[in-house]
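Student: Here's a structure for you.
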Amino acid sequence: METPRALRVLLALMLVGLLLFPLVGERFYIQYATKIMIMAIFAMSLDLLVGYTGLVSLGHALFYGIAGYALALAGGDAAVSLWWSLPGAMLVSALAALVVGVLVLRTAGIYFIMVTLAFAQMMYFFIRDSEYFGGSDGIYLNAKPTMSLFGWAPLDLGNQLHRYYLTLALAVATYVLLRTVLRSAFGRVLIGIRDNEPRMRSLGFPTFRYKLACFVLAGALAGLAGYLTAVQDGIMNPEQLGWHRSGEALVMVILGGMGTLAGPALGAGALMLLELVFSIWTKYWQLLLGGFIVAVVLFLPGGLGSVFARRRGGAGHG
Amino acid sequence: MDFATFLIQLLNGVQYGLLLFLIASGLTLIFGIMGVINLAHGSFYMVGAYLAFSLTGLIGSFWLALPAGVVLAVLLGIALEWLLIRHLYRRDHLYQVLLTYGLILMFEELRSILFGDDVHAVAVPALLNFSIRLTDTLSYPVYRLAMSGVCLLLAAGMYWLIARTRLGMMIRAGSVNREMVQALGINVGLLYRLVFALGVALAAFAGMLAAPVASVYPGMGNQVLIISFVVIVIGGIGSVRGALVAALLIGLADVFGQVVFPQIAGMTVYLVMAAVLLWRPRGLFGSA
């Protein structure tokens, strides 16, 4: 689905805004904006499954959390280099997604939702109940990864501002990567699978392999988000793998609009900003946030992103 | 493990399983018949527990609080279906997920406004507040046995309702072909409203029954929500019989998992689910 022009303009404006934001924002807000961008990466990676391939996963936090833990275990006390720890952590997530994907992709529909949940919950309890992973307290990262390359260090991740710009760059890179992937022949096959898998199969596409590749890519990108979370928060705990985290990402995707890349990023921003605004405004912010979500479902059938879409007969995705 | 301990664990597992059945049967009916994924189902369980707490305080009797709570839960179900849920029947499942997620947030906050964030206790009714001695040191509380008995009665009642009554016949027909049932002159909208109210009432009743043994605390709904979904998926979605078998399986797996493999106790339930679904991708009693 083409991104509507109004939304593209908004995205460009948002990018400029995000580039300039640290000039005016206070430290707390820069920190919060970093977290929003991390969740936007996570939500976009989930949308590759949910919105483009029709695979609704409620266990995506498994791949998010496991990369964070990989970094925490590799570099809990001593600083490690980002240049190998980031690809390494994403590889861990990708491998986990490969193993889980081979098993869960045998099921479909609501059963797929539940089996992905089951695997994520297993990993959640495994990590929570294991000494090696620090139990329910989690693991602290006492040192941030270094970015020095042959003696040259472009960014110092101990600095919030530098973390902000690294996250922004990676969020944009994720967007561009996914956009490229989705416009390629591979992406067209994924959308074909979403719309009619038996037809794709009878056209001769090995749909299982396509879905598995998609699952692995989404897992690796979730790993990117998890890695950044560990760097940003300086701690990894089991809650990062829990179903709440997966559910939150799913809510961001649906709220913003499935099957568009900007939608989930918009959903992440909207959900987290409203949470912030409502919680500053009132102690009972959950009531307002819940009411807002209910209202979006009732009055904006295509999610927040649909506000920008030109009215053309019928919604384009299922 | 000696025999008395084994017996106690067995009874605990069955009791937990039957309680899960009450919650899960409503969830499986709402999904199987109405096609609605209801994440707020755990909240209805929580509503029941807080109803038991507040009504017992107001009325002074647990026994009168039970029917009063059921009536209120039915009214809540009817109101929610009329206001919100009926707009979702023709929508993608994911919007049902989103709306009911919003409901969870609202119910949690309303609970916090009305009752605060403390843990509350509901007294076990005096009539059942004693234990049966098994050995010199071990005994089993009668209230838990009574809970299991009530759950079994309700399970039998639901079987009768769905398999043997005219209403049950309409419900089954409505799940297969909504348009055809409507064309035959049956008010499907009303039927769905009744099914939803029944599901809410079952979950709330489970919450009320559990209140004296599990106490009443924030977030209690979220804990049972995921387990209830596990139960209905293992049983096969829409199958009340499957929900009963799966609930007992999960109840026993959870209780014995804690005794036999304490280091991986949290995982047992999900291991069972993954194993069942990899073996039968549509659950034990799911239709192919």
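Since every read-out is calculated from the coordinates, none of them should be taken as a lab result. Small disclaimer: the values here were computed from a predicted structure and weren't measured. We place every Cβ from the backbone using ideal geometry, glycine too, and count neighbours over all the protein chains shown.
Student: Within straight cross-link reach of A:LYS211, meaning Cα distance under 18 Å, which aspartates and glutamates are found once same-chain residues fewer than 8 apart are removed?
Tutor: The reachable aspartates and glutamates, counting only those whose Cα sits under 18 Å from A:LYS211, are A:ASP47, A:ASP195, A:GLU197.
Student: Once you sort the root eigenvalues of the Cα gyration tensor of segment B:190-288 as a ≥ b ≥ c, which label holds: rounded (a/c under 1.5), prolate (a/b larger than b/c) or oblate (the other case)?
Tutor: oblate
Student: Moving to a separate point now. Taking a spot 7 Å from the Cα of B:GLN263 along the direction of its beta carbon, which residues of segment A:132-146 have an amide N less than 19 Å from it?
Tutor: The answer is A:132-138.
Student: May I pose another question? What is the dipole size for chain A, taken about its Cα centre, with +1 at each Lys and Arg Cβ and -1 at each Asp and Glu Cβ, in debye to the nearest 20?
Tutor: That gives a dipole near 1240 debye.
Student: Next question, about the same structure. Compare the peptides B:168-178, B:87-97 by average per-residue count of other Cβ atoms within 10 angstrom and give them in order, highest first.
Tutor: B:87-97, B:168-178
Student: Follow-up. Can you tell me the FRET efficiency between B:MET180 and A:THR180 if r is taken as the Cβ-Cβ distance and R0 is 45 Å, rounded to the nearest 0.05? Each step should come with its number before you reach the end.
Tutor: Values: r = 48 Å, r/R0 = 1.06.
That gives a FRET efficiency of 0.40.
Student: So who's got an amide H within less than 5 Å of the one on A:LEU58, skipping anything under 5 residues away but keeping other chains? H placed 1.01 Å off N, in plane.
Tutor: So A:LEU58 has HN proximity to A:THR116, A:LEU117.
Student: If each of B:LEU58 and B:LEU190 carries a label point 7 Å out from its Cα toward its Cβ, how far apart are those two points in nm?
Tutor: If labels sit at B:LEU58 and B:LEU190, their model points lie 2.9 nm apart.
Student: Can you give the mean number of other chain Cβ atoms that lie within 10 Å of the Cβ atoms in peptide A:288-299?
Tutor: 6
Student: Can you give me the relative contact order of segment A:1-113 as a percent, contacts being Cα pairs under 8 Å and 6 or more apart? Numbers along the way, then the final one.
Tutor: Details: 43 pairs, mean separation 27.3, N = 113.
Dividing the mean separation by the residue count of segment A:1-113 yields 24 percent.
Student: Same structure again: How many angstrom separate the Cα center of segment A:121-148 from the Cα center of segment A:28-56?
Tutor: Result: 22 Å between the Cα centres.
Student: Another question, if that's okay. Looking at the square roots a ≥ b ≥ c of the eigenvalues of the Cα gyration tensor of segment A:1-155, which shape do they give, rounded for a/c under 1.5, prolate if a/b is larger than b/c, or oblate?
Tutor: Values: a/c = 1.99, a/b = 1.09, b/c = 1.82.
Note, shape of segment A:1-155 comes out oblate.
Student: Residues with beta-carbon under 13 Å from that of A:VAL115, excluding A:VAL115: net charge, scoring Lys, Arg +1 and Asp, Glu -1?
Tutor: +3
Student: Additional query: What is the projected area of the convex hull of the Cα atoms of segment A:88-132, averaged over all directions, in nm²?
Tutor: 3.6 nm²
Student: Note down the nm distance, to one decimal, between modelled labels 7 Å out along Cα→Cβ at A:VAL172 and at A:VAL99.
Tutor: 3.7 nm
Student: When all alpha-carbon pairs of segment B:1-129 are counted, what percent fall beyond 23 Å?
Tutor: 46 percent
Student: When averaged across all projection directions, what area in nm² does the alpha-carbon convex hull of the protein assembly as shown cover?
Tutor: 30.0 nm²
Student: Here is a follow-up. Nearest 0.05, what FRET efficiency do A:ARG27 and A:ARG201 give at R0 = 56 Å with Cβ-Cβ as r? Please list the in-between numbers first.
Tutor: Numbers: r = 53 Å, r/R0 = 0.95.
The calculated FRET efficiency here is 0.60.
Student: Hey, another quick one. Just to confirm my numbers, what's the Cα centroid distance between segment B:91-114 and segment A:230-299 in Å?
Tutor: Result: 13 Å between the Cα centres.
Student: Return the FRET efficiency for the residue pair B:ALA4, B:VAL150: r is the Cβ-Cβ distance, R0 is 30 Å, and the value is rounded to the nearest 0.05.
Tutor: 0.75
Student: If you rank B:ARG280, A:ARG209 by fewest surrounding Cβ atoms within 10 Å, what's the result?
Tutor: Lowest count first: A:ARG209, B:ARG280.
Student: Looking at A:GLY290, A:TYR227, A:PRO198, which one has the Cα that reaches farthest to the positive end of the dipole of chain A (charges on Cβ: Lys, Arg +1; Asp, Glu -1)?
Tutor: Result: A:PRO198, furthest along the dipole toward the positive end.
Student: At 7 Å along Cα-to-Cβ for each site, give me the label-to-label distance between B:ALA163 and B:VAL213 in nm.
Tutor: That separation, rounded to one decimal, is 2.6 nm.
Student: Taking the Cα centre of segment A:162-318 as origin and charging only Cβ (+1 Lys, Arg; -1 Asp, Glu), how large is the dipole, in debye to the nearest 20?
Tutor: My answer is approximately 700 debye.
Student: Something else: How much mean residue ellipticity at 222 nm does chain B get from its helices, if each DSSP H run of length 4 or more adds -39500 (n - 2.57) and you divide by all residues, to the nearest 500 deg cm²/dmol?
Tutor: -25500 deg cm²/dmol
Student: Please list, or write none, the lysines whose alpha carbon is within less than 23 Å of the alpha carbon of A:LYS283, excluding same-chain residues fewer than 8 places away.
Tutor: Cα-Cα hits under 23 Å: A:LYS35.
Student: Find the Cα radius of gyration of segment A:30-242, compare it with 2.2 N^0.38 Å by division, and give the number to two decimals. Provide the component values of the computation, followed by the final result.
Tutor: Values: Rg = 17.6 Å, N = 213, 2.2 N^0.38 = 16.9 Å.
This ratio for segment A:30-242 stands at 1.04.
Student: If you line up the long axis of helix B:142-164 against the longest principal axis of chain B, both from Cα atoms, how many degrees apart are they, to the nearest 10?
Tutor: 20 degrees
Student: Another question about this same structure. Using the Cα centre as the reference, give the magnitude of the dipole from point charges on the C-beta atoms of the protein assembly as shown (Lys, Arg: +1; Asp, Glu: -1; all else neutral), rounded to the nearest 20 debye.
Tutor: 2140 debye
Student: Right, next: Divide by every residue of chain A the summed helix terms, -39500 (n - 2.57) for each DSSP H run of at least 4, and state the resulting mean residue ellipticity at 222 nm, rounded to the nearest 500 deg cm²/dmol. Could you put the intermediate results ahead of the total?
Tutor: Details: 12 runs with 216 residues, N = 318.
So the calculated ellipticity at 222 nm is -23000 deg cm²/dmol.
Student: Moving on to the next point. Restricting the calculation to Cα positions, tell me the Rg (one decimal) and the Dmax (whole number) of segment A:2-75 in Å.
Tutor: 15.9, 44
Student: Per the Cauchy relation, a quarter of the hull surface: what is the mean projected area of the convex hull of the alpha carbons in segment B:3-218, in nm²?
Tutor: Working: hull surface 54.3 nm².
Projected area, direction-averaged: 13.6 nm².
Student: If you don't mind, there's one more thing I want to ask. What ³J(HN,Hα) values, in whole Hz, does the Karplus curve 6.51 cos²θ - 1.76 cosθ + 1.60 give for segment A:59-64 when θ = phi - 60°, with x put for Gly and Pro?
Tutor: Those phi angles translate into x, 5, 5, 4, 7, 5 Hz.
Student: Would you mind telling me which residue in B:ALA73, B:ALA204, B:ALA214 has the biggest mean-square fluctuation in a Gaussian network model of chain B, where springs connect alpha carbons within a distance under 10 angstrom?
Tutor: Between B:ALA73, B:ALA204, B:ALA214, it is B:ALA214 that shows the largest mean-square fluctuation.
Student: Once a ≥ b ≥ c are taken as the square roots of the eigenvalues of the Cα gyration tensor of segment B:192-234, is the result rounded (a/c under 1.5), prolate (a/b larger than b/c) or oblate (a/b not larger than b/c)?
Tutor: oblate
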